[in-house]
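Input: a single structure, listed below in structure tokens.
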Amino acid sequence: MTVPLGKMLYLCVAALGVINLFLGYVSNDDLITVNLYKAGVAVFALAPTMLFLGGLVALRGWLPGERSAGALPAMITSAIFVTLVLSALGSEGGGDLQTLFVVFGGLQFVIAWLAYLFDAGVITGR
């Protein structure tokens, strides 16, 4: 049994969503608090949660009887990634944790769109 590349990429999006969720628990020395969930600022707690949501929605195609996830994981990931990038550009330096979120969020963003494009047949694999 062969699995299409688009479907496998959706699994990568889900894995990155889990990584981003637990990345929120990493201690950041620049913040007074221990992790992002205790920061008291909604956008900090929202970023890993929304990236995780994008990963969860990407798993829809793997559930029995469900159709493909479509563009929804890519759109959710895009919304939060644009927010992360704009907040990173507007801040005076969020430290290593902000850089990690931009990198892993960007990776999830790119893979989510590639998964959709392969799954929709816009890009074809060999």
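The values are calculated or read from the model by the stated rules, or taken from the named source; none is laboratory data. Treat the numbers as computed from the prediction; the structure is a model and nothing was measured. When we count neighbours, we look across all protein chains shown, and the Cβ atoms used for this are built from the backbone with ideal geometry, even at glycine.
Does any residue of segment 27-50 turn out to be modelled with pLDDT of 90 or more, surrounded by 12 or more Cβ atoms within 10 Å (Cβ to Cβ) and either of a type in the set (S, T, N, Q) or under 27 Å from Leu117 (Cα atoms) (or both)? Working first, answer last.
Of all residues in segment 27-50, those modelled with pLDDT of 90 or more come to 50.
Filter once more, keeping what is surrounded by 12 or more Cβ atoms within 10 Å (Cβ to Cβ): 50.
Checking the rest, the ones that are also either of a type in the set (S, T, N, Q) or under 27 Å from Leu117 (Cα atoms) (or both) come to 50.
Among the residues of segment 27-50, at least one is modelled with pLDDT of 90 or more, surrounded by 12 or more Cβ atoms within 10 Å (Cβ to Cβ) and either of a type in the set (S, T, N, Q) or under 27 Å from Leu117 (Cα atoms) (or both), which makes the answer yes.
Considering only residues that are acidic (Asp, Glu) and part of a helix (DSSP H, G or I), which ones fall in segment 64-109? Steps first, answer last, please.
Just the residues of segment 64-109 that are acidic (Asp, Glu), to begin with: 66, 92, 96.
Result: Asp96, single match.
Could you say which residue among Val57, Val102, Val85, Val122 is surrounded by fewer than 17 Cβ atoms within 10 Å (Cβ to Cβ), within 16 Å of the chain's Cα centre (by Cα) and among the aliphatic types (A, V, I, L, M)? Outline the logic, then answer.
Values: Val57 fails: surrounded by fewer than 17 Cβ atoms within 10 Å (Cβ to Cβ); Val102 fails: surrounded by fewer than 17 Cβ atoms within 10 Å (Cβ to Cβ); Val122 fails: within 16 Å of the chain's Cα centre (by Cα).
On inspection, the qualifying residue turns out to be Val85.
One line per residue, one yes/no per condition, for (1) modelled with pLDDT of 95 or more; (2) hydrophobic (A, V, I, L, M, F, W, C):
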position: Ala79; (1), (2): no, yes
position: Val82; (1), (2): no, yes
position: Thr99; (1), (2): no, no
position: Leu107; (1), (2): yes, yes
position: Phe118; (1), (2): no, yes
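Gly24 - would you say it is buried (at least 17 other Cβ atoms within 10 Å of the Cβ) and either over 26 Å from Ala115 (Cα atoms) or modelled with pLDDT under 85 (or both)? Reasoning before the result, please.
Details: buried (at least 17 other Cβ atoms within 10 Å of the Cβ): yes; either over 26 Å from Ala115 (Cα atoms) or modelled with pLDDT under 85 (or both): yes.
The answer is yes for Gly24.
Which residue pairs have Cβ atoms under 8 Å apart, sit 6 or more places apart or on different chains, and have a first residue in segment 1-20 that is closer than 15 Å to Ile80 by Cα and a second that is outside any loop (DSSP other than H, G, I, E, B) and among the hydroxyl-bearing types (Ser, Thr, Tyr)?
Val13/Thr77
Given the conditions (1) modelled with pLDDT of 85 or more; (2) not in a loop (DSSP other than H, G, I, E, B), report the number of the one that Gly61 does not fulfil.
Failing condition for Gly61: (1).
Contact list please: Cβ distance under 9 Å, first residue in segment 60-77 and exposed (fewer than 14 other Cβ atoms within 10 Å of the Cβ), second residue in a helix (DSSP H, G or I), pairs at least six apart or on different chains.
That search, which allows pairs on different chains as well, returns Glu66/Arg60; Arg67/Arg60; Arg67/Gly61.
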